[in-house]
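Accompanying notes for the structure given below.
The values are calculated or read from the model by the stated rules, or taken from the named source; none is laboratory data. Everything numeric here is computed off the predicted structure, so don't read it as measured data. Cβ placement follows ideal geometry from the backbone for every residue including glycine, while neighbour counts extend to all protein chains displayed.
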């Protein structure tokens, strides 16, 4: 099976765009937690046969590749948009906001950005949106790995605060187990109220006791 290639990056460098960033997100579909985006710029000539669409990789492989990416990349940017913002602006706008933030957090600034999906970013940087970019484009695939591992770590941390929901297992996605826990306990503060399975559940929300966190 073919792996994502560097064809687009190489073509762009041939046109004078030397700092090319790949951009992708993780977490559009879950019922809880943030949407996380990542942007990655590699130096010319970097190769890693293991890099692929994060959905095709095991958790162990993603973590190993993240270490490779962190060592090799010229820059990595992260953007995180929380559940409250997702509910307020909708998931598409929240995703694009996370992607824009990830790009803004790159240093050096990219000269061209390659974005997974159909939508371009409202930024004064030359760019191209690529459907299935995480399966076709090397730097976008790398960004998908960074975004996925980062979001998984965030959900593991939320599990410590809200252990009743099993976030370490499903990472906020709508599994049967997760849906059952929402019915039993009601949504917690990181659930997305605009998503139907959450809005239809009893609203007996479990709130974080700030006094306990600060002691």
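Taking the stretch 171-187 as the range and being within 30 Å of residue 3 (Cα to Cα) and either surrounded by 20 or more Cβ atoms within 10 Å (Cβ to Cβ) or without any contact (Cβ under 8 Å) to a residue 24 or more places away in the chain (or both) as the test, the residues that pass are 171, 172, 175. Against the condition at pLDDT below 95 and in contact with a helix residue (DSSP H, G or I) (Cβ under 9 Å, 6 or more places away or on another chain), how does residue 34 come out, does it pass? Judged against the criteria, residue 34 is not a match.
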